[in-house]
Each structure stands twice: as C-alpha cells, then as structure tokens.
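Input: a single structure, listed below in structure tokens.
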Amino acid sequence: MTIEFVKYHGLGNDFILIDNRHTVDPLLSPEQAVLWCDRHFGIGADGVIFALPGQADTDYTMRIFNSDGSEPEMCGNGIRCMARFVADLEGQTATSEQTYRIHTLAGLILPQLQADGKVTVDMGLPRLLASEIPTTLVAPDEKVVNQPLAVAGQTWEVTCVSMGNPHCITFVEDVAAVPLEAIGPQFEHHPGFPQRTNTEFIQVISRNYLKMRVWERGAGITLACGTGACATLVAGVLTGRCDRRATVELPGGCLDIQWSDEQRLYMTGPAQRVFSGRFEQ
C-alpha cells in the first residue's frame, strides 16, 4: 500500500502529516508509525499526525502516534502543524487568517493562522490538581508546587501541570548542564506518574524570558514542545518566577506564551512545511 504524506515541523519538533479525512480510523497502526518515524529506516519524525473528520461541531479531529507508538492526548507543536496542513489541503494561502476547531483527546483546541505565517493556539485552561495530571506525589485534590522528587540520586523541586497531557517542571541554574538523555527516562517512568510524564528543565533568564529543554513522553529529547512551554509558564507563575506572558526559548527556537486573566493559555509560533512524498507500506 502506498500512502501520501507531508512533513512539517514546529521549531524542529517534526511530524509526518497524513490526510485521513475519508475515514475515522488512522491509516497506520502504532507499529507502522514507529517504522515511519525511524530516522534511519523510515521517513524520520517525532510523531505521525492524522487529520481525521471532525466530530460534532468541530472541523477536524487530530490523532497522533509518537515515535515509540504511544498516543498522547495532545501536542502543541503538532496542532500548529496540523492547522497549517489542513489549510494547505483547503488551498488557503500562506497569509490566510483562519481559525479551526480541532477535536483532540485533550478536548477542543482552537488554532488560528496569522497573516505573518505563524499560528496562535488557544490551548485552554491548565489543570493543576494531582488527580488531573495525574500524579500521586500529593493528595488528589492538591496542587503540586515545589514538591520534592527523588530522581537519579538527587532531590528535585518539581511543579506539575496538565495541558491535557502531564508535565513535570523543574527549575535549574544552567539548563545546558542537565544530563537530559540520562535522567529524562527516569522522570518519565517515575512511579509517581501513573501515565508517565513529559519533563521540562527550565532556566529563568528574566521574568519574561525562559530557556527550556524537554524530555517528551514517548519521544525522548525533542527540539521543542508546545504544551511543555505552556505548562512551564504556568509553573513559573505559580512559583513566582515569571510574568504571565513570556518568551520560552527551546533548542529549536522561541514560542510566545501568554496566560490570560481569564486563565486561558495562548501559544504563538511557526509551523513549516518541509517536503511531501509517498511511502510504500
């Protein structure tokens, strides 16, 4: 079977996009997605995104398989790439201003294409209770803020936030010095996170500028993570380290994140088409 695809990336967080609008089931299995994401034997990506038909009053449905075959609830960089992908499918121009209603496993997400080519996403409300993340580090109805967590032989202070998917954020003096490849899996699989977790290491440059490195659940080290950047801003506000709007610098580039007075999070950043092709499955 031959399947057409288009490759996109958001700040280096790269995805294979598949036009799946004619059926409600993904055209690939999780095992096939692993092969497609392999950077030596496949196309190479952090995940495969399927643009499926909308549900109820939504325009489209997004599902995503990570490079390890797991399925996350949502992906911030991925939803921007999805918005750009469906705009291209519809024949929208690069400067079109268009808002989409996209159903995800984390709920309704509203990406808006901007005239400058960037995409602003209404990421909704953060979830802060331990039961919502989920984590067992504190009681289910409590927030996890500056909570001690033993990982890799040392104690870290962590703050946990769900953006529809779980995030564990810790602030460090020098983010470049964090041995991410070694300790990232230990955070992800810590028994305090029954559904595993994404982990962000953050260096505060100023109250409106943060540097971030991320270990993504199911994908490992990536160049960017949109939901992680949103969760990071929330954690920074909760711990008094940053303002409600800040630039988050990731290895792949910068995102503008705002936590509004209405408690909604807005993420603005690029989504770029790389190439298209056909894969013999």
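Of the GluC sites (Glu not before Pro) found in region 10-90, those in coil by DSSP whose Cβ has at most 13 other Cβ atoms within 10 Å are E90. In the chain, Rg over Rh equals 0.96, where Rg is the alpha-carbon radius of gyration and Rh the Kirkwood radius from pairwise Cα distances. Taking the centroid of alpha carbons for each part, region 231-256 and region 87-165 are 13 Å apart.
Summing Lys and Arg as +1 and Asp and Glu as -1 over all other residues whose Cβ lies under 15 Å from the Cβ of Q258 gives a net charge of 0. The relative contact order of region 15-155 comes to 16 percent, based on Cα pairs under 8 Å that sit 6 or more residues apart. Work through the residues other than L27 whose Cβ is under 12 Å from its Cβ and net out their charges, Lys, Arg +1 and Asp, Glu -1. My count for the surroundings of L27 gives -1.
What is the local net charge at K211, summed over the other residues whose Cβ is closer than 14 Å to its Cβ (Lys, Arg +1; Asp, Glu -1)? Charge balance in the 14 Å sphere: -1. Beta-bridge orientation, the chain: approximately 80 percent antiparallel, per DSSP, counting only bridges with both partners inside.
Once both axes come from the Cα atoms, what is the angle between helix 226-238 and the longest principal axis of the chain, in degrees from 0 to 90, rounded to 10? Between the helix axis and the principal axis of the chain, the angle is about 20 degrees.
Each residue of region 264-281 was assigned a 3J(HN,Hα) from its phi angle through the Karplus expression (A = 6.51, B = -1.76, C = 1.60, θ = phi - 60°), giving 8, 9, 10, 10, 10, x, x, 8, 10, 6, 10, 6, 10, x, 10, 10, 7, 8 Hz with x at Gly and Pro.
What is the angle, in °, between the Cα long axis of helix 76-89 and the longest principal axis of the Cα atoms in the chain? Nearest 10 is fine, range 0 to 90. Approximately 20 degrees, to the nearest ten. Each principal axis of region 130-263 carries a Cα extent, and these read 33, 32, 24 Å when sorted largest first.
FYI, it's all coordinate maths here, none of it is from the lab. On a predicted model such as this, the values are computed, not experimentally measured, just so you know. FYI the Cβ positions are ideal-geometry reconstructions off the backbone, even for glycines, and counts take in every protein chain you see.
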